[in-house]
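Read through the structure below, which is laid out as structure tokens, and then see the notes.
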Amino acid sequence: MAERVDPIAWQQRLDRMTELFSSLVQTAGEQATFRCPYKNRHDECTAAFGCRNQRRPETAGGLRLCRGDDKLDYRDAWETA
């Protein structure tokens, strides 16, 4: 038999998840104004295409290094009118 869900407890959980994800989204939005979306935390490029900021990987077969200066606003690349 299915267990009944307490609507108040359910809403509290949803509110908590919204709180957690909203700060995550805010941080991502701020980073989108200056950090390439293909650059990982190790300054490696994860793009499957060429870019003028890519440099040779440190290890053979590794990801190319990103040498972008993080001073560009990349949001226009995926925003549509």
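Being surrounded by 15 or more Cβ atoms within 10 Å (Cβ to Cβ) and on the phi < 0 side of the Ramachandran plot is the requirement here; does ARG64 meet it? Walk me through it before giving the result.
Values: surrounded by 15 or more Cβ atoms within 10 Å (Cβ to Cβ): yes; on the phi < 0 side of the Ramachandran plot: yes.
Criteria met by ARG64.
Could you list, in sequence order, all residues of the stretch 5-46 that are within 16 Å of the chain's Cα centre (by Cα) and assigned to a helix (DSSP H, G or I)? Before you say what the answer is, go through the steps one by one.
Start the filter on the stretch 5-46 by keeping residues that are within 16 Å of the chain's Cα centre (by Cα), which leaves 20-46.
If the condition is that a residue be within 16 Å of the chain's Cα centre (by Cα) and assigned to a helix (DSSP H, G or I), then LEU20, PHE21, SER22, SER23, LEU24, VAL25, GLN26, THR27, ALA28, GLY29, GLU30, GLN31 are the ones that fit.
Kindly indicate the residue of the stretch 47-74 that is in a strand (DSSP E or B) and touching an Asp or Glu at 6+ places or on another chain (Cβ under 9 Å) and also modelled with the lowest pLDDT among those meeting that condition. Show your work before the answer.
Let us first name the residues in the stretch 47-74 that are in a strand (DSSP E or B), namely 54-55, 65-66.
Of the ones still in play, those that are also touching an Asp or Glu at 6+ places or on another chain (Cβ under 9 Å) are 65-66.
Values: LEU65: 93, CYS66: 90.
Within the stretch 47-74, the match that is modelled with the lowest pLDDT is CYS66.
Yes or no: GLU44 at pLDDT 90 or above and surrounded by 10 or more Cβ atoms within 10 Å (Cβ to Cβ)? Working first, answer last.
Working: at pLDDT 90 or above: yes; surrounded by 10 or more Cβ atoms within 10 Å (Cβ to Cβ): yes.
Judged against the criteria, GLU44 is a match.
Under 9 Å between Cβ atoms, which residue pairs at least 6 apart in sequence (or on different chains) link something in the stretch 9-36 that is at negative phi with a partner that is at pLDDT below 95 and assigned to a helix (DSSP H, G or I)?
GLY29/ARG75; ALA32/ARG75; THR33/ARG75
The values are calculated or read from the model by the stated rules, or taken from the named source; none is laboratory data. Keep in mind that this is a model prediction, so the values were computed, not measured. Note that each Cβ is placed from the backbone with ideal geometry, even for glycine, and that neighbours are counted across all protein chains shown.
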